[in-house]
Amino acid sequence: MSTDRYESPLSERYASREMQYIFSPDMKFRTWRRLWIALAETEKELGLSQNGRPVITDEQIQELKEHADDINYEVAKAREKEVRHDVMSHVYAYGQQCPRAAGIIHLGATSCYVGDNTDIIIMTEALRLVKKKLVNVIAALADFAERYKAQPTLAFTHFQPAQPTTVGKRATLWIQEFYMDLQDLDYVLGGMKLLGSKGTTGTQASFLELFDGDQETIDKIDPMIAAKMGFQECFPVSGQTYSRKVDTRVANVLAGIAASAHKMSNDIRLLQHLKEVEEPFEKSQIGSSAMAYKRNPMRSERIASLSRYVMIDALNPAITSATQWFERTLDDSANKRLSVPEGFLAVDGILDLCLNVADGLVVYPKVIEKRLRSELPFMATENIMMDAVKRGGNRQELHERIRELSMEAGRRVKAEGGENNLLELIAADPAFNMTLEELQEAMEPSRYVGRSKEQVDAFLEGVIRPVLKENKELLGVKAEINV
């Protein structure tokens, strides 16, 4: 760790080593070399020749492969200081290691051949890692929802007490949003295509020259490169770059995940305030430097904090996409170097936190039941009224009496700080013809949660378990939190 210059907290505190490697210089420049090898192989396989002799030999390609991973960074760095061009600096450095192949490296290509194709490859790898972690978050929350599908709890609308739900049913609301994110991610991931090798303005003019105008042969270049790099296809048309709309689509997926995580983390923070549900808290963890008793929801707060960053970060690729001129401008470069990697690094940290929290959520049923029972008499009034009607009461008269008694009980709770005595008030009113014992028997919380348990079962079995089964090879991830 350097102490005398800025280091990104995304690397030092939040993102995993796996995601950091995907956006590392090593990943980038090794991919450049793989692309140069793929281009040379493709040109050779398509019979590129001069005066009847092959331009590219097996020996040259073998030499390139021998030095694909031992990158001479210092040579490239020194060269870039001279020429101010990163791609040509690495072409030069590669050529220094491969003297026989130096003349055919990057043949017919423009800088975006390695730059843009590598960006697509890196984003695709990063999306796959995001998908793996997202699937594991969904799995952890599904287990939580299953465990607490029948645990009644007070539901809220406007953060005011509303009809009861269950702890598990509430968790399905979080799962559903993450599931929607997974659908979006799969759609974007399935549409990732390479730029291919299309030249300086996307016309493949250089290859028209190299292959003496042979259109049929030129049509094979992009599909062959795509196959060698593990992709189904390349974009059929482009300028010098792939459309920056791709970055926008990717960033929007990340922002969607961030929004879902933010919503879940907010709910958990509120529940922790209510002492009903609590995020993991380690034995020696300190909640406050001044208030030793505190158990702050720091993981959920960090999820919210990073999520806000990602949601705002998504504006960068959108603006960049909107302001590209014709076949390309370079005002995207500096922005892309920041916005795309940092969006992924932040989401990686968010999902690790979500998985850590979901794996270790603590539920306090006694607190949940106490709060629910304090509000339940108000919510049970309709059932009480129906039972009283069955015993000969007048529905309209009973409705008015319950309204009046509810207001009186509510005033006692709010103005006097007393207990909710609505049941006692109803039992004392002859219009209802019900004893306190009978009213208390009606206060079983499970009677008021509707189809919560059944909805959890149907959602998990009909929607989520099939998705988890389909992605079972991704399961088993355990989140590591740095700080």
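Taken together, the values in this text are just the output of simple stated rules run on the coordinates, not laboratory data. All values derive from a computational prediction rather than experimental measurement. Quick reminder, even Gly has a Cβ in these numbers, built from the backbone with ideal geometry, and neighbours come from all protein chains shown.
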| query | With the contact rule set at Cα under 8 Å and sequence spacing of 6 or more, what percent relative contact order holds for the chain? | reply | 19 percent
| request: Taking the dipole about the Cα centre of the chain, with the C-beta of Lys and Arg at +1 and of Asp and Glu at -1, give me whichever of GLN60, VAL362, LEU474 is farthest to the positive side. | output: VAL362
| field | Label-point gap, in nm, between ASP70 and LYS245 - each point 7 angstrom along Cα→Cβ | value | 4.5 nm
| query | Can you give the charge dipole size of the stretch 381-442 about its Cα centre, rounded to the nearest 20 debye, using +1 on the beta carbon of Lys and Arg and -1 on the beta carbon of Asp and Glu? | reply | 220 debye
| said: Please give me the summed charge of the neighbours of LEU376: other residues whose Cβ is under 13 Å from its Cβ, Lys and Arg +1, Asp and Glu -1. | reply: -2
| said: Could you work out the percent of alpha carbon pairs in the stretch 1-123 separated by over 23 Å, rounded to a whole number? | reply: 40 percent
| task | Taking the dipole about the Cα centre of the chain, with the C-beta of Lys and Arg at +1 and of Asp and Glu at -1, give me whichever of ASN394, GLY115, LEU210 is farthest to the positive side. | result | ASN394
| message | Just to be sure I understand: if I project the alpha-carbon convex hull of the stretch 308-440 onto a plane and average over all orientations, what area do I get in nm²? | response | 15.8 nm²
| said: What distance in nm separates the two pseudo spin-label positions at ASP429 and LYS366, each 7 Å out from Cα along the beta-carbon direction? | reply: 3.4 nm
| said: With +1 assigned to the C-beta of every Lys and Arg and -1 to the C-beta of every Asp and Glu, and no other charges, what is the dipole magnitude of the chain about the Cα centre in debye, to the nearest 20? | reply: 880 debye
| said: To the nearest 20 Debye, how big is the dipole of the stretch 1-107 about its Cα centre, given +1 on the beta carbon of each Lys and Arg and -1 on that of each Asp and Glu? | reply: 220 debye
| said: What's the whole-number percent of alpha carbon pairs in the stretch 381-442 lying beyond 18 angstrom? | reply: 30 percent
| message | Could you compute Rg(Cα) / (2.2 N^0.38 Å) for the chain, with N its residue count? | response | 1.35
| task | Would you mind checking the pairs LYS44/LYS77; LYS44/LYS65; LYS28/LYS65; LYS77/LYS198; LYS228/LYS469; LYS28/LYS193 and listing those with alpha carbons more than 19 angstrom apart? | result | LYS44/LYS77; LYS77/LYS198; LYS228/LYS469
| message | I need the fraction of alpha carbon pairs in the stretch 159-295 separated by more than 27 Å, rounded to a whole percent. | response | 53 percent
| said: Ignoring everything except DSSP H segments at least 4 long, calculate the 222 nm mean residue ellipticity for the chain; use -39,500 (n - 2.57) per segment, divide by total residues, nearest 500. | reply: -19500 deg cm²/dmol
| task | Over the stretch 381-442, calculate the relative contact order: mean separation of alpha carbon pairs under 8 Å at least 6 apart, over the residue count, as a percent. | result | 32 percent
| task | Enumerate the aspartates and glutamates that LYS390 could reach by cross-link, defined here as Cα to Cα under 18 Å, with residues fewer than 8 away along the same chain left out. | result | GLU382, GLU400, ASP429, GLU437, GLU438, GLU441
